[in-house]
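Derivation of every value follows stated rules applied to the coordinates shown; laboratory data play no part. Keep in mind that this is a model prediction, so the values were computed, not measured. Note that each Cβ is placed from the backbone with ideal geometry, even for glycine, and that neighbours are counted across all protein chains shown.
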């Protein structure tokens, strides 16, 4: 991107971010998620870093918050309530550390260490105590001027209305101020005006209770705890805040009292009677230790009673912190390390069409690379032409990308406000982009298909499916090896795999005697296959692994399956006309019949279906396994559960009966405790089986 293009993109980003900020902070009417807003700001910051001459005073990166609401009295902060720059990866975190070392020297950074604290997802406020009495509470506002919300904050019981800070006779009567020199509060009186800053938040349980009450009343269902906390504090009637059971978590002493380290600020406010999260925060000596702490909380945050969206990482030495200064409106010595967002923004550079194993054509968006849910995404599925038209997606659009866990990224929506007028409409091709064959769209369906059954890419993807997990599961036959074997003319379809010899593979590039032997051995080990795996491996349209298992149970053996009629499938629960027709089309196709015949000729044996259930002792019970077991693998534990008639689930819910816990359990343990799911050890699991 050249300077002129960057300038145009920056203006579009600034306008969008400013409008989002106004709606969120001033009108209390957010139109996009926090993750989307963070992504837009991250892109803007990167462009301004690349072209610093394009940074202007009105850029969102140079300001902290929106302007205060007119309905409250304005309050000017004693010192600015600064915002933080964000990072989303360990590489970005290391780059931040490198900049600090360049400015201050490695020795000083190492001696200070990094204080890591949970980043509460709440509303930032400042509390002023005059002679020990709470006299003023204000919101962040624009960082310089906030809103006086004292009466609302007084309704929050976790905020002390008074603190004893001087003229104490003993350490027992007045908590200690832990500094390097172990100065006590009574020995060093705090100033008459004392300011503490922190976050107002709503716990997850209170959030759920509030929404349950709203459901019963037929009222508005709230999107998240943060919005409720912010909305409650910014109401003129204090009774609204009083009814919400809000809480306060402190994170800073804003008044200068001679503390040496930032960690001591947390220790002090906790001893003065505030919530400070010292048990969950940590002082780390290295950036690698910081990353380990981040990984820990990314894994266990579900078990917390409140929402967090990352960590705040800062230089612990306060003198060094101040000397590093501020760039824009954010301190150099502190940064927000955000958890991977499940939503982000990007630009659609192009739309291509992929051909799958069933011949289905799927349009795919080629994107400007962006980090979503912890990984860099450069492609997203657009599903089909109807979906593109429904969402009005064009080449050149700025879009919101969504990715949850291992789910394939998809385009959630287009930000049409950011269009320049140069975007181009997409149309599906009239012929197959691989073989040039005819494209058909079956009646009542939204997907388009290549009609050519000999399409090269269809065959290659079909072979990949045939050897995949859940099907024949042949180790060593990845996409590149399959493509290599097809190119060399050694295989035309999946049946040819079972006719391969060591001598066929040894002469090939990237193959030696050992690797050739390993692949042939892996193939020979899979010449016997269960009926459900065999049916799934065929790649019949609409037949996934669960449907394949149901079919195997229904017919019991390969011969009865291949001789079944359409009516036999229609009788099955969950099998509709389309699925039954698809199966019959496959069974009746001459090419499919010859394929199965060759498999059997090459020594493939399809075993009759046998129920995996040996006893019904666990019938009706649902289990989940977390952590590392000592006497068996997790897969072996799943097999045992099924053999005894139980069910294995992937996610914790109130319907889960047991959570089996091994070493180093994940976040499922925390969630199980919250939901009241029975937690058992590996030993207790075996006791149940007895």
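Some points to look at:
- Extension gain, residue 235 back to residue 655 (0.36 nm per residue minus Cα-Cα distance, nm): 147.3 nm
- The distance linking the stretch 497-525 with the stretch 134-150 is 72 Å (Cα centroid to Cα centroid, whole angstrom).
- Distance histogram for the stretch 456-526 (every C-alpha pair counted, 5 angstrom bins, percent rounded to whole numbers): 3, 18, 32, 28, 15, 4, 0
- Spin-label model distance (nm) - residue 56 vs residue 217, 7 Å beyond Cα toward Cβ: 4.5 nm
- With Cα atoms, 0 to 90° folded angle of helix 204-217 axis to the chain main axis: 80 degrees
- Estimated Rh, the chain: Kirkwood, alpha-carbon pairs, angstrom: 30.1 Å
- Computed lengthening from residue 674 to residue 154, 0.36 nm per intervening residue step minus Cα-Cα distance: 184.2 nm
- Zone of residue 635's modelled label, taken as backbone nitrogen in the stretch 468-511 under 19 Å from a point 7 Å along Cα→Cβ: 468-479
- For the chain, the longest principal axis of the C-alpha atoms and the axis of helix 34-50 are separated by about 80°.
- Its Cα gyration tensor gives the stretch 202-342 an equivalent ellipsoid. The semi-axes, each the square root of 5 times an eigenvalue, are 32, 19, 15 Å from largest down.
- For the stretch 3-62, the Cα gyration tensor yields ellipsoid semi-axes of 22, 11, 9 Å (square root of five times each eigenvalue, largest first, whole Å).
- q = 0.15, 0.17, 0.19, 0.23 Å⁻¹, the stretch 346-449: log10 I(q)/I(0) [Debye, one scatterer per Cα]: -0.64, -0.80, -0.96, -1.24
- Against the rule of thumb 2.2 N^0.38 Å, how large the Cα Rg of the stretch 540-690 comes out: 1.36
- Relative contact order, whole percent, for the chain stands at 10, derived from Cα pairs under 8 Å and 6 or more residues apart.
- Coarse-grained scattering of the stretch 529-607 at q = 0.12, 0.27 Å⁻¹, given as base-10 log I(q)/I(0) from a Debye sum over alpha-carbon atoms: -0.29, -1.60
- Antiparallel bridges, percent of DSSP beta bridges restricted to the chain (to nearest 5): 80 percent
- Put in order of Cβ neighbour count within 10 Å, fewest first, the listed residues 296, 383 become 296, 383.
- Per residue of the chain, the DSSP helices (runs of n ≥ 4 H) give a summed -39500 (n - 2.57) that works out to -10000 deg cm²/dmol at 222 nm.
- A crude spin-label estimate for the pair residue 686 and residue 323, with each label 7 Å from Cα along the Cβ direction, gives 6.0 nm.
- Between 0 and 90°, nearest 10: helix 3-21 axis offset from the chain longest Cα axis: 70 degrees
- Shown is the FRET efficiency for residue 82 and residue 376, computed with R0 = 35 Å from the Cβ-Cβ distance and rounded to the nearest 0.05: 0.75.
- Spin-label model distance (nm) - residue 289 vs residue 208, 7 Å beyond Cα toward Cβ: 3.6 nm
- Pairwise FRET efficiency - residue 224 versus residue 5, Cβ, R0 = 30 Å, nearest 0.05: 0.25
- Taking the number of Cβ atoms within 10 Å of each Cβ as an exposure proxy, the fewest-first ranking of 379, 332 is 379, 332.
- Set of the stretch 510-533 residues, backbone N closer than 17 Å to the point 7 Å along the Cα-Cβ line of residue 490: 510-526
- Burial order of peptide ranges 497-506, 150-159, 312-321 (average beta-carbon count within 10 Å, highest first): 312-321, 150-159, 497-506
- Mean separation of Cα contacts under 8 Å, 6 or more apart, over the residue count of the stretch 622-689: relative contact order %: 37 percent
- Extension reserve of the residue 527-residue 242 stretch, reckoned as 0.36 nm per residue once the Cα distance is removed: 95.7 nm
- Förster-model FRET efficiency, 45 Å R0, residue 611 and residue 663, C-beta, rounded to 0.05: 0.90
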